[in-house]
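Undergrad: There's a structure below that I have some questions on.
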Amino acid sequence: NVSDAPAWVTAAGSLGTFPGASAIPTQTLTATNATSFAVQSGTLTAGLTLTTGTGSCTITGTQTAHTSAATDTFTVRATDAEGQTSDREFSISYSFGATGGGQFN
């Protein structure tokens, strides 16, 4: 029998830019044949959580590490039941804009 290593469905690269002080929308990362996922390298920002599942994992939470615009890059490793792995690099950016309104008369 031949067992295929996990194959990523989610494209590598940016998962998006989100307001820095707000909860990010749930990000789902998918790889066929994967039974678990883990951050292999880089940084998953403080306040965010990677929850692993079979075939996919999710990233949720509100980042607490940055107070100005930033981008965090990290590599997620998908592992199958036979211990075969496949890595993919992702990034999440945070923006901090002006709040409130101003008016000149």
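The values are calculated or read from the model by the stated rules, or taken from the named source; none is laboratory data. Everything quoted here is computed from the prediction, not taken from an experiment. Ideal geometry is used to build each Cβ from the backbone, glycine not excepted, and the neighbour counts take in all protein chains shown. With ligands, DNA and RNA removed, areas are computed over all heavy atoms of the protein, side chains included. Shrake-Rupley method; radii C 1.70, N 1.55, O 1.52, S 1.80 Å.
Undergrad: Sticking to Cα atoms, compute the Rg of the range 50-97 to one decimal and its Dmax as the biggest Cα-Cα distance, whole number, in Å.
TA: Using the Cα atoms of the range 50-97, the pair Rg, Dmax is 13.9, 46 Å.
Undergrad: Taking only C-alpha pairs under 8 Å that are 6+ residues apart, what is the relative contact order of the chain in percent? Write out the running numbers ahead of the final one.
TA: On the way: 245 pairs, mean separation 35.4, N = 105.
Computed over the chain, the figure is 34 percent.
Undergrad: Additional query: Pull out the extension gain between T17 and E89, defined as 0.36 nm times the separation in residues minus the alpha carbon to alpha carbon distance; nm, one decimal. Please list the in-between numbers first.
TA: Working: separation 72, 0.36 × 72 = 25.92 nm, distance 1.58 nm.
Extra length from T17 to E89 when fully extended: 24.3 nm.
Undergrad: The chain: Rg/Rh from Cα coordinates, Kirkwood Rh? It would help to have the intermediate numbers written out before the result.
TA: Working: Rg = 16.8 Å, Rh = 14.9 Å.
Ratio of gyration radius to Kirkwood radius: 1.13.
Undergrad: Could I ask something else about it? In the chain, carbon and sulfur make up what percent of the accessible area (probe 1.4 Å)?
TA: In the chain, the share of accessible area belonging to carbon and sulfur is 48 percent.
Undergrad: Can you give the accessible area per residue of the chain, in Å², using a 1.4 Å probe?
TA: That works out to 56 Å² per residue.
Undergrad: Evaluate the charge dipole of the chain about its Cα centre and quote only its size in Debye, nearest 20, assuming +1 on the Cβ of each Lys and Arg and -1 on the Cβ of each Asp and Glu.
TA: Around 280 debye, computed over the chain.
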